[in-house]
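Right, one structure below, let's go through it.
Read-outs: derived from the displayed coordinates by stated rules, not from any lab. Bear in mind that the values here come from a model prediction, so they are computed numbers and not experimental data. When we count neighbours, we look across all protein chains shown, and the Cβ atoms used for this are built from the backbone with ideal geometry, even at glycine.
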Amino acid sequence: MSAHHPRRGSEVADLAELLPVPAERDLPHGRRHLLKEHLMTELRNDHSGRQAAGRAGPGGPRRPRSGRTRLWWPGRAGVAAAAGAATLAAAVAAGSVWALGGSAGPGANHAVAVPAGHAAAVRLLAKVAAAAARVKPADVTDSQFMYIDSQVSFGTNDGPAPAQTHRRQVWLPVADQCAGGLLIENGQRSDLGGFTPAEAPKGMCPERGHLGSPTYRLLQSLPTDPQALLDLITRTEHGGGQFTAIGDMLRESIAPPGLSAALYRAAALIPGVTVVPGVTDAIGRSGVAVSFTSDGVQDEWIFDPHTFQFLGERQFINGTLTSKRAIITRAFVDHAGELPAGG
């Protein structure tokens, strides 16, 4: 294909839309130029079909994400915050993605391969990022909690997810995981870690979490340049893959608008990310998905096709739907267990 092919030029222009336009002091002209060149290179690789299967992280092949991960606290569980280098997860060969076979619906549990391209995901994620950036930042105090209300369904031992969902409500501290949190799932109430001042190990608190289980304050501290953010994720995701790591930061948290936009722009830089049209979330809302498949595990983020709001996610393992989640409400509240107005 000629380097001057008009379709190629259009897709390169789509990639350029992902780039923010920060002040010169934040991202010099030369840095913007390098980032654009990186995006163009990824697109050309995508169309040439020359991308090889990537490397697994140092921990071995990526394991499927359990629907119940993330809800542990480093202080209580004795697990240190994630640190150290990790190898970037695999790039998948361009030109095919997974999509629901037959009629898409919340009860569907199989996936089939259909053709799609990375450029479509770039365009969709650019729109999602722009919508996220328009959200007004919240005025949040350190004593507050993030509240996330979802409808979820998880299969057992990587088995099929039940068609019927159940409610999951979680309250997570804004600034310090030592403050603990609360989970109410399927009617069962569980405290999430936390310490009294007397219990806290010396130097442990305050604890802002890590990328897989962040507080709002930690999310506020992260870079909003997409490439810098992706580089940080690559260094710290410990073999789970960049797409999975970004999903962990989006799932049960409330990210500042600028960071939300940067996360979606960073996801567009991952080779092998594609679009699955005409899907439904866990409660039957119609949407369009951004998808990534590695080692037989396919993760999908589902967005409203009109507002580009994040609706939820699904996971397939070897073509079987094993988990699904629909986000109902996100809000800041003053106390664990408190519901937002109208919640």
Order the peptides 288-297, 217-226 from the highest to the lowest mean number of other Cβ atoms within 10 Å of their residues.
-> 288-297, 217-226
Residues whose built amide H sits under 5 Å from the amide H of residue 192, excluding neighbours closer than 5 in sequence, are 181, 182, 183
By per-residue mean of other Cβ atoms within 10 Å, what is the highest-first order of 124-133, 183-192?
-> 124-133, 183-192
Long-range amide H contacts for residue 322: which residues qualify at under 5 Å (H placed 1.01 Å from N, peptide plane, sequence gap of 5 or more or a different chain)?
-> 161, 315, 316, 317
Cα-based Rg then Dmax for the stretch 216-314, in Å, read 13.3, 36
